[in-house]
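Following: one structure in structure tokens, then a few remarks.
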Amino acid sequence: MTDPQRVLLILSGGIAAYKCLETIRLLRRAGVAVRCVMTKAAEEFVTPLSVSALSEDKVYTDLFSLTDEAEMGHIELSRSADLLVVAPASADILARMTAGIANDIATTVLLATDKPVMAAPAMNVRMWHHPATQANLKTLQARGVTLVGPVEGDMACGEHGLGRMVEAQTLADAILDRLKRLRNADNTPSINELTGKSALVTSGPTHEPIDPVRYIANRSSGRQGHAIAKALAEAGARVTLVSGPTRLPDPDGLETIHVDSAEEMLAACRNALPADIAVCAAAVADWRVAGQADQKLKKEAGGLPSLTLAENPDILATLSKPGIGRPALVVGFAAETENVVDNAAAKRLRKGCDWILANDVSVGTDTFGGDRNRIHAVSEHGVEDWPEMSKEDVAAKLARRIGAYFRQ
Ligand code: C5P
């Protein structure tokens, strides 16, 4: 039996606090220990008694309670969890977190912690869009706070728009997902390791149109690239994810730019510069159709259409070119079916990037659309063979390596 993972859930004042009761229940059912802190405003929406009954633990509400301090000081409370979650995160608590104000138990714990912090914002649409809130969120994200939601919808105040807290299940899933990644310490970037750094990540396939309804493309689920974008954001980097068409939702807490073709992907990448880090995980189509048809090609026209292909720009090689705007660290991928390491080493030199993460995609491997990857990391210093692991763990390990690179 391993120790249960621990979450410190900080409830601030918002009608969405009722959803957290269900989240607590879901986390408890998943075997997670949940300890709760409530602000005074949160107590206006749900009672400490309900929160305590569901979390099966004491609820902390008072900074100056001698009984609380005798049991567990607020500093210890802030560090006794694997993850701190602020939900609902009101505009007020986000502002106090940004300013480093510690005027109640919730904000004191948040200021004293050395653990990762996740927040699920919940507020009126205008409060959400207010430049003060948006600036606060930017600062918090740069410090490594990750966001879940908010989502768009009807609000308790009668207005409609962005600002609703995510549903209880979504929040529980995001927390469980983060805990899963935190469990493997080697694959967990330390918090704030990449604070102040900006990163550009490409992900997914590109679609190269033949005519308005047909295209050619590479196989790619986008899972590895999206996981890398998420891991870099969790390490504190400001991340722009340039994604080709995938079925994946946009990750929270970073900017996602959607593109279709390789040419669009390159333009979006150029726009995202300057950046300190570039990770090209997209499976870019090497060719596009020259002179694509404006109208759907007709089968009835008889004969077989022939396609003339033109070479697509190589985004990784373009970003790797020395000159104004080259990110300090450029990382590429190499999906190989034979001589994996040799081909990857040659590719690193040809493209001019710093590191290549090579993976074997020969028959029988589970890379495309699968959960796992076996990586050989090639740099100027040689090759490092990583054991087979989930794509999320590959992403976290890469984020950690990138953190170490910038610490040197
Ligand atoms: O040449 P190959 O496609 O094997 O190279 C793979 C690496 O190059 C990946 O990092 C991929 O994202 C990148 N790439 C690119 N633009 C292209 C082709 C590949 O960025 N047109």
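General remarks:
- Hits in region 244-283 (condition: among the charged types (D, E, K, R) and more than 17 Å from the chain's Cα centre (by Cα)): ASP260, GLU263, GLU264, ARG270, ASP276
- Qualifying residue in region 36-46 (condition: among the polar types (S, T, N, Q) and modelled with pLDDT of 95 or more): yes
- Residues satisfying the stated conditions in region 278-298, i.e. near the ligand (Cβ under 8 Å from one of its atoms) and small (Gly, Ala, Ser): ALA281, ALA282, ALA283, ALA285
- Among residues of region 325-354 that are on the phi > 0 side of the Ramachandran plot, those with a Cβ under 8 angstrom from a residue that is β-branched (Val, Ile, Thr) and not in a helix (DSSP H, G or I), sequence gap 6+ or separate chain, pair up as GLY352/VAL330.
- No other residue among HIS160, HIS258, HIS207 is in contact (Cβ under 8 Å) with a residue 24 or more places away in the chain and either surrounded by fewer than 16 Cβ atoms within 10 Å (Cβ to Cβ) or in the same structural domain as ILE24 (by TED's automatic domain parsing) (or both) apart from HIS160.
- Among the residues of this structure, ALA301 does not count as one that is of a type outside the set (D, E, K, R) and either within 13 Å of the ligand (Cβ to nearest atom) or under 26 Å from the mean Cα position of the chain (by Cα) (or both).
- Flag if ALA231 is in the same structural domain as ILE10 (by TED's automatic domain parsing), more than 16 Å from the ligand (Cβ to nearest atom), buried (at least 20 other Cβ atoms within 10 Å of the Cβ) and not in a strand (DSSP E or B): no
- Residues that are within 16 Å of the ligand (Cβ to nearest atom), part of a loop (DSSP other than H, G, I, E, B) and farther than 26 Å from VAL289 by Cα, drawn from region 240-277: LEU273, ALA275
- Any hit, region 60-70, residues being exposed (fewer than 15 other Cβ atoms within 10 Å of the Cβ), aromatic (Phe, Trp, Tyr) and not in a helix (DSSP H, G or I): yes
- Of all the criteria given as (1) under 16 Å from ALA119 (Cα atoms); (2) without any contact (Cβ under 8 Å) to a residue 40 or more places away in the chain; (3) part of a loop (DSSP other than H, G, I, E, B), the one not satisfied by PRO4 is (1).
- Residue satisfying condition, being over 22 Å from VAL145 (Cβ atoms) and touching a Cys at 6+ places or on another chain (Cβ under 9 Å), within set ASP57, ASP3, ASP62: ASP57
The values are calculated or read from the model by the stated rules, or taken from the named source; none is laboratory data. Since the structure is predicted, the reported quantities are computational estimates derived from the model, not experimental observations. Glycine also receives a Cβ, built like all others from the backbone with ideal geometry; neighbour counts cover every protein chain displayed.
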